[in-house]
Structure formats: C-alpha cells, structure tokens
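Everything below concerns the one structure shown next.
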Amino acid sequence: MRGNVWIARGFLIFSQLTALIIVVMVGQKPQENQVITSMPAIPADIASSVVAVEKVTQTIPSPQINKFELVANYQPRYEISWAHPNNYGQRYAQDVNGVPVNNQSIIVIHETVNSATSAINNFQTPHNNENAQVSYHTLIKLDGTVIYIVPPKFRAFGAGNSVFRGAKGIETVKTHTQFPPSVNNFAYHVAFETPLDGRNNSKSHSGYTQVQYNSLAWLIAQSSVPENRITTHKAVDRSGSRIDPRSFDRQKFFDILKFYRQ
Ligand SMILES: [Zn+2]
C-alpha cells in the first residue's frame, strides 16, 4: 500500500513538473508581429553624439592655422530639452512585414521655420493624433546653442513619407501600417532655427548664422556618418511639400565639417 502511495505521489510530481515545463516553454515562444521592446542594434556612429558633448574639450582638434582659424577652438553651448516620449519611438530591427532592416545611418538637416522655442513646445506636448507627433534629435538656435531633444538611439519623427537615394539605391523603411515608409528608422534629424525673416512660406531667406554652421559641423563631426549620407529634408521628402532647409549653404557647411574632421 505504502509503495503505491509513493508511486502515485511520484507520478503527481512528474505531471506537475511536465506541466510547468510546458507552461515555461509556451511563455518563451516568440510572438510574431509583437512590437519590439528590446533595443535593436543602433548604429554606433550616431549613438555616441550626446555622450560626446561631455568630452568636447578632448575631442576638439588643434589644427594648423587656416581660413577657419576663428572657429578652431569653437565649443558650442548646449541645453537639453527632451521631447515628450509620445513624439518619438524605438528604432526597429525589422519593418512592419517582419523583414530585418539594418540601414547605415544618415543625417537629415532641417529648419524649424518658426522659433526654436515654438518647436520645442510642440515636441514637449503629447499629441494623441499620430499625425501630429513630430520631433528632431537636435536643434541649433540662431546663437549656435545645441539643444538635445531626442536621444540618438531613438527614432525621431522628422521626415514622414521619405526616401534616401544613396549609393546602394533607394532606402526607406515602413514601420507603421497606416503611414508611408520613411527614413526615420535610420535617420538622425538636426534642425537649424530659422532666421526672423524666414518665418513664412517664402522660398528663401537671409540664411543661417556662422555660429549655426559651426555648431552643426561640430555636432556632425562627433559622428562617423560619411558625407554622402548627410542630406536634407528637401532631398529625402516624397510628399512634395518640404523644401527645408531653405537658403542652406552646402559648400560652407561641408568645408567646416572637413575642418572639424581633420
Ligand atoms: Zn524638415
């Protein structure tokens, strides 16, 4: 009798263990179409830009005297004004169809059109309407101050309905069933504050300040994103409505960037 009781207890324990193992295994089964909660591999070339600010005194080169002598020791002032999390998201490791994506980073240059304060207020306001959710990673005020808004490891909502036409062809990633594909998943968005005479729909304005160019070049020099992957909102836009940054002196910017990357 006693032996039968132990056999019965043993069977019971075995059954419970089996059930537990099944429960654990089912629980671990990956669920398809689940939103990615763990951070996908983020390109290291832009992931370090915020951290780099604190190392500025070490990272500024001491170049030979040349035409950029006046900006050789330039160190931008910076502020942090994080956007509301509602206005940015994760960078995805796969698109809406489950296809893995691993685009190299690009940098997209914008302008605010309105004031920097107005843009930041908008980014810090939670918007329930997804069409109104917008952000840049970084903004550069007229006085050259760099404002960090969205950490680089996150996907800022800077250029909906966009494509990058690079050396490898067209690049764009669809991450939302309701919205067109965009470059946001692999883009770092940085915007100039627009000068006072450009707060309108004109095709051009008086342009950006020298310190804005210096700060933009300094910021981008903290990354290893190659020149041929630095672009503008106008160039990646597919809606036909974006023309920023207007009056951007491309040559001036790349000359200063080369200087900082020496
Ligand atoms: Zn833009």
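The values are calculated or read from the model by the stated rules, or taken from the named source; none is laboratory data. These numbers were taken from a predicted model, which means no experiment stands behind them. Heads up, the Cβs are rebuilt from the backbone with ideal geometry, glycines too, and the neighbour counts pull from every protein chain shown.
Results for (1) within 15 Å of the ligand (Cβ to nearest atom); (2) of a type outside the set (S, T, N, Q), shown as yes or no for each residue.
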site: SER81; (1), (2): no, no
site: ALA93; (1), (2): no, yes
site: GLN104; (1), (2): no, no
site: HIS110; (1), (2): yes, yes
site: THR117; (1), (2): no, no
Assess whether PRO126 counts as being more than 16 Å from the ligand (Cβ to nearest atom), assigned to a loop (DSSP other than H, G, I, E, B), within 18 Å of the chain's Cα centre (by Cα) and assigned by TED's automatic domain parsing to the domain that holds GLN222. no
Going by the conditions given, is ASN121 buried (at least 20 other Cβ atoms within 10 Å of the Cβ) and more than 15 Å from the ligand (Cβ to nearest atom)? no
Six or more apart or on different chains, Cβ atoms under 9 Å: show the pairs whose first residue is in segment 195-211 and free of Cβ contacts under 8 Å to residues at least 12 places away in the same chain and whose second is in a loop (DSSP other than H, G, I, E, B) and of a type in the set (S, T, N, Q). LEU196/SER115; LEU196/SER206; ASP197/SER206
Those residues of segment 148-167 that are among the charged types (D, E, K, R) and either buried (at least 17 other Cβ atoms within 10 Å of the Cβ) or assigned to a strand (DSSP E or B) (or both) come to a total of 2
In this structure, does GLN104 turn out to be surrounded by 13 or more Cβ atoms within 10 Å (Cβ to Cβ), of a type in the set (S, T, N, Q) and at pLDDT below 95? no
